Amino acid sequence: MSRIVHRFTRTVPEWQPRVTPVDLASATPEQRDALKITPSNTKVSDYVLVLAHDPETLSVRSPLFNAIMYDPGGMSRAERELGAIGASIVNRCIYCAAVHASRHAQLSKDTAVTDELFARGEQAQLSPRDQAIFDFSVKLSQSPPAVTEADAAKLREAGISEAEAVDLILSTALFGWANRLMHVLGDPVRND
């Protein structure tokens with residue numbers, strides 16, 4: 001029996017699409033190109049296969065996602081993941097929160113931050129730098145126009161450079177968008 005997951009955890013649930021994913025065997029050349037399928041790389045998530053119904057958008061989305069989350073310089077990968085977690089908590093995206101909490105724990109080699117986030121949510125008490133990152137990502141996700149210069153000052157006070165702040169804004173905003181796609185296109189499920 002499958003059931004929709006309703007709580008945050010680092011354990012990544014399955015994702016059950018509402019739209020039939022593109023079948024790799026019958027994908028068009030445009031879809032295969034957007035998916036960047038090579039003979040040695042044929043493991044593609046159902047989520048990305050659903051997005052492949054619009055290969056033009058997917059061919060822009062994937063490089064943008066990779067640049068925001070993985071490019072060197074600026075904010076650390078773990079801290080970008082923290083921005084994604086903040087957005088996912090606000091947007092109640094169980095799947096994305098789990099994926100990025102798992103990555104954060106892996107990158108930081110510590111589960112304390114995600115344990116605290118999932119125990120206390122938006123009231124979590126973190127180190128000053130992590131707290132500034134999380135608080136900013138939550139506020140930006142709740143209402144972008146509500147973010148003020150005072151919020152930027154809190155980032156600077158926590159030792160976050162302008163380049164790092166831009167990375168935080170990008171990772172948080174990216175997940176405001178990604179969370180909404182996940183919610184509309186499918187559900188996180190756990191098989192019991």
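Brief remarks on what is shown
- Residue check, residue 69 under 26 Å from residue 151 (Cβ atoms), at pLDDT below 95 and open to solvent by less than 10 Å² (accessible area, probe 1.4 Å): yes
- Scanning the range 65-82 for residues that are free of Cβ contacts under 8 Å to residues at least 40 places away in the same chain, in a helix (DSSP H, G or I) and not aromatic (Phe, Trp, Tyr) returns 66, 67, 77, 78.
- Some residue of the range 176-186 being open to solvent by less than 40 Å² (accessible area, probe 1.4 Å), in contact with a strand residue (DSSP E or B) (Cβ under 7 Å, 6 or more places away or on another chain) and in a strand (DSSP E or B): yes
- Contact annotation: residue pairs with Cβ atoms under 9 Å, 6 or more positions apart or on different chains, pairing a residue in the range 1-12 that is farther than 14 Å from residue 96 by Cα with a partner that is open to solvent by 100 Å² or more (accessible area, probe 1.4 Å) and modelled with pLDDT of 80 or more, are 2/14.
- Residue that is least open to solvent (accessible area, probe 1.4 Å), among those in the range 1-24 that are more than 17 Å from the chain's Cα centre (by Cα) and modelled with pLDDT of 90 or more: 22
For every residue, the table says whether it meets (1) surrounded by 19 or more Cβ atoms within 10 Å (Cβ to Cβ); (2) in contact (Cβ under 8 Å) with a residue 12 or more places away in the chain; (3) in contact with a strand residue (DSSP E or B) (Cβ under 9 Å, 6 or more places away or on another chain); (4) assigned to a strand (DSSP E or B).
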residue: 84; (1), (2), (3), (4): yes, yes, no, no
residue: 103; (1), (2), (3), (4): yes, yes, no, no
residue: 113; (1), (2), (3), (4): yes, yes, no, no
residue: 131; (1), (2), (3), (4): no, yes, no, no
residue: 139; (1), (2), (3), (4): yes, yes, no, no
residue: 152; (1), (2), (3), (4): no, yes, no, no
residue: 159; (1), (2), (3), (4): no, yes, no, no
residue: 166; (1), (2), (3), (4): no, yes, no, no
residue: 189; (1), (2), (3), (4): no, yes, yes, yes
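The values are calculated or read from the model by the stated rules, or taken from the named source; none is laboratory data. For clarity, every value in this text was computed on a predicted model and none was experimentally measured. Heads up, the Cβs are rebuilt from the backbone with ideal geometry, glycines too, and the neighbour counts pull from every protein chain shown. For the accessible areas, the whole protein counts, side chains as well, though only heavy atoms, and no ligand, DNA or RNA atoms are used. Shrake-Rupley method; radii C 1.70, N 1.55, O 1.52, S 1.80 Å.
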